[in-house]
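Here the structure comes first, spelled out in structure tokens, and everything after it is commentary.
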Amino acid sequence: MPFVLIGASPIRHQPGPFREVLHAGGFDTIDPDGDDVLTASQLAEYLPGCEAIVAGGEGLSAPLIEACPRLRVIARTGVGYDAVDVAAATARKIAVTITPGTNHESVAEQAFALLLGVARRVAINDRVIRAGGWDRTIVRPLRGATIGLVGLGRIGRAMVPRARAFGMRVLAFDEVLDPAFDAEHGVECRPFEALLAESDVVSLHLPLTEATRNLIDERRIALMKPGAILINTSRGGLVDEAALYQALTNGHLAGAGLDVFQAEPTRADHPLIALPNVVSSPHIAGVDERSMADMAEMAARCIVDLHEGRWPGPCVVNPEVGPDWCW
């Protein structure tokens with residue numbers, strides 16, 4: 001019986017439709033102990049004996065992939081795959097899949113939770129009250145403010161109605177234009193740097209690639225409006241953290257809401273999380289009870305489909321393995 005390693009920590013040792021799909025497809029599952037991201041030593045112990053992995057945030061490097069001769073599928077829960085060495089997987093004819101359309105609403109909800117936490121001083125006021133204080137500093141409203149969405153894929157689009165519900169003007173930058181969507185939802189397209197200059201809130205919704213690494217650097221931050229807020233629920237590597245720290249401490253930016261960091265988990269002494277105008281969360285934007293169940297089930301279905309000879313085209317990120325791919 002082939003084995004599937006359950007890497008995604010929220011579903012390890014948990015029941016759910018994903019497990020039923022795998023078992024019905026003839027797979028047995030392996031659930032390592034613990035509820036944290038799998039370490040390199042855990043992966044080295046369990047993955048070589050498996051034909052597939054339902055992957056979470058663990059790093060799947062080229063040396064690890066090379067050490068797993070039975071591995072046929074890396075099924076990511078989510079849409080990001082920067083933690084996977086896709087080139088190494090492709091060289092080994094290993095299919096890498098993602099779960100599009102399962103967690104964009106969850107990410108959009110968390111982005112607005114972070115935005116409200118910063119803009120309405122929720123975290124600051126909570127800390128002050130717990131310390132015995134009572135600070136009634138007046139805040140700027142979101143209504144009438146301009147939000148700039150950097151990336152207008154599924155997540156960026158899910159942000160639009162939420163921004164509209166708060167009475168915000170919506171700008172967007174994306175390399176692929178969709179005039180029909182923009183016209184229907186009142187989205188104004190801008191070149192990237194023009195968007196930075198016009199927006200009161202900049203929210204990032206791009207994948208991490210070599211082209212987008214440190215996209216928000218010292219020069220781009222200087223282009224942002226004084227008093228603007230940065231929201232990042234994509235990948236920490238999009239932001240130069242040292243430049244962001246300077247902008248938050250010198251007053252150029254009013255605050256930041258960060259679900260992601262360059263190194264995760266963050267250190268307790270990370271400079272950004274010590275700032276009162278930063279609200280953070282532990283890379284959980286895409287994970288709520290509904291989205292996690294949907295992601296896990298789609299990942300499981302990708303594994304079973306591939307095992308049974310069906311090609312889950314929209315989910316495969318390295319389709320070049322397809323022409324002569326076999327289990």
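The table below lists the values:
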quantity	calculated
Alpha-carbon centroids, the range 225-239 and the range 1-56: separation in whole Å	33
Unit charges at the beta carbon, dipole of the range 104-280: most positive-side option, V118, I138, G186	I138
Of every Cα-Cα pair in the chain, the percent that sits beyond 26 Å	51
Top of N214, N250, N232 by mean-square fluctuation, Gaussian network on the chain, Cα under 10 Å	N250
Among E241, E210, E198: highest mean-square fluctuation, GNM of the chain, C-alpha pairs under 10 Å	E210
Residue order, fewest to most beta carbons within 10 Å, for M168, M295	M168, M295
For the range 265-306, size of Cβ-based charge dipole, Lys and Arg +1, Asp and Glu -1, in debye	160
Lys, Arg +1 and Asp, Glu -1 on Cβ, resulting dipole of the range 192-326 about Cα centre, debye, nearest 20	260
Gaussian network model of the chain, Cα within-10 Å springs - most flexible of G286, G16, G57	G16
Likely footprinting exposure, S106, S203, S9, fewest C-beta neighbours within 10 Å first	S9, S106, S203
Order of T90, T97 - criterion: other Cβ atoms within 10 Å of each residue's Cβ, fewest first	T90, T97
Cα centroid of the range 144-219 to Cα centroid of the range 96-112, whole Å	16
Charge dipole (debye, nearest 20) of the range 1-98; +1 at Cβ of Lys and Arg, -1 at Cβ of Asp and Glu	400
Positive-pole candidate from N232, P314, L253, dipole of the range 225-327, charges at beta carbon	L253
Mean separation of Cα contacts under 8 Å, 6 or more apart, over the residue count of the range 182-254: relative contact order %	34
Angle in degrees between helix 104-119 and the longest Cα principal axis of the chain, rounded to the nearest 10	30
In degrees, nearest ten, helix 289-307 long axis to first principal axis of the chain (Cα)	30
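Any read-out appearing in this document is the output of simple, stated calculations on the displayed coordinates, not a laboratory observation. Quantities reported herein were computed from a predicted structural model and do not represent experimental measurements. Reconstructed Cβ throughout: ideal geometry from the backbone, glycine too, with neighbour counts over all protein chains shown.
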